[in-house]
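One structure below.
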Amino acid sequence: MAPLPGIPGIPGSGLAKGLAVTLRTMTKRTVTAQYPDALPELPPRSRGVIALFEENCTVCMLCARECPDWCIYIDSHKETAPPAAPGGRERSRNVLDRFAIDFSLCMYCGICIEVCPFDALFWSPEFEYAETDILDLTHERDKLRDWMWTVPAPPALDPAAEEPKEIAAARKAAEKAAAAAEAARRDQGSRDDQDEGDA
Ligand code: SF4
Ligand code: SF4
């Protein structure tokens with residue numbers, strides 16, 4: 001108990017309290033990680049750096065338009081492809097020339113990742129990309145693509161969840177191809193039997 005105002009406390013009680021605190025702390029397990037010798041165990045959804053899955057990007061510019069810091073730089077050009085069928089129209093598509101993010105401006109809000117309609121941007125928990133020159137904090141598309149290797153796999157679906165549309169379509173196509181192959185094999189087998197019977 002703290003001494004009452006104006007009444008002197010027991011001599012040496014402060015020292016005893018201090019030593020008691022020291023002893024209590026000494027016997028507790030330490031929680032301080034000695035970074036960089038010991039790397040922290042980060043949760044998989046940590047916001048470390050943004051990775052670009054370039055193959056999914058359609059250059060729609062939504063991420064660059066929505067970024068509150070204007071720190072996403074995209075350049076592209078249009079290309080025309082021949083029509084898919086004779087008499088059809090030529091198709092045009094955007095081709096990505098540059099995709100860069102300036103991490104010296106980025107505030108890690110995640111808006112770009114949220115708004116991307118084509119799943120081309122992802123969070124990676126990787127955080128060790130400090131630079132001595134601020135210009136090196138602008139990561140160009142190759143570097144952003146390399147960060148994809150550090151993006152953790154998505155968590156498994158709930159067992160009761162509906163099958164994702166892409167997987168359902170791929171499974172149906174595979175089942176259809178397997179059924180067609182099986183029918184062709186049976187057809188060939190019955191023709192071979194008939195040939196043997198005729199001979
Ligand atoms: S996380 Fe936010 S600030 Fe950073 S690039 Fe994306 S939208 Fe811009
Ligand atoms: S929003 Fe997605 S698809 Fe559109 S430009 Fe950005 S990364 Fe590419």
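The numbers here are math on the coordinates, done by the rules we state, and not lab data. Model, not experiment: these values are computed from the prediction. Here the Cβ is made from the backbone with ideal geometry for all residues, glycine too, and neighbour counts use every protein chain on show.
Does residue 185 satisfy the condition of being among the charged types (D, E, K, R) and touching a residue at least 40 places away in the same chain (Cβ under 8 Å)? Talk me through it step by step, then tell me what you get.
Numbers: among the charged types (D, E, K, R): yes; touching a residue at least 40 places away in the same chain (Cβ under 8 Å): no.
No; evaluated as a whole, the condition is false for this residue.
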Worksheet item: Within the range 155-177, restricting attention to residues that are aliphatic (A, V, I, L, M) and part of a helix (DSSP H, G or I), which residue is farthest from the chain's Cα centre (by Cα)?
Response: 177
Worksheet, complete the sentence: Scanning the range 127-147 for residues that are aromatic (Phe, Trp, Tyr) and touching a helix residue (DSSP H, G or I) at 6+ places or on another chain (Cβ under 9 Å) gives 129
Worksheet item: What do you reckon, is residue 17 more than 16 Å from ligand 1 (Cβ to nearest atom), part of a strand (DSSP E or B) and basic (Lys, Arg)?
Response: no
Worksheet, complete the sentence: Only one of 19, 39, 23, 52 is under 30 Å from residue 73 (Cβ atoms) and out of contact with any His (no Cβ under 6 Å at 6 or more places or on another chain), namely 52
Response to the item:
Apart from one, (1) surrounded by fewer than 10 Cβ atoms within 10 Å (Cβ to Cβ); (2) within 16 Å of ligand 1 (Cβ to nearest atom); (3) among the acidic types (Asp, Glu) all hold for residue 102; the odd one out is (1)
Response to the item:
The helices (runs of 4 or more DSSP H) lying entirely within the range 47-154 that contain at least 2 residues which are under 16 Å from the mean Cα position of the chain (by Cα) and more than 13 Å from ligand 2 (Cβ to nearest atom) are 141-146
Response to the item:
Residue pairs within 6 Å by beta carbon, gap of at least six or interchain, first lying in the range 110-138 and within 21 Å of residue 58 (Cβ to Cβ), second in a loop (DSSP other than H, G, I, E, B) and within 16 Å of ligand 2 (Cβ to nearest atom), listed first then second, are 112/67; 118/58; 120/53; 120/57; 122/151
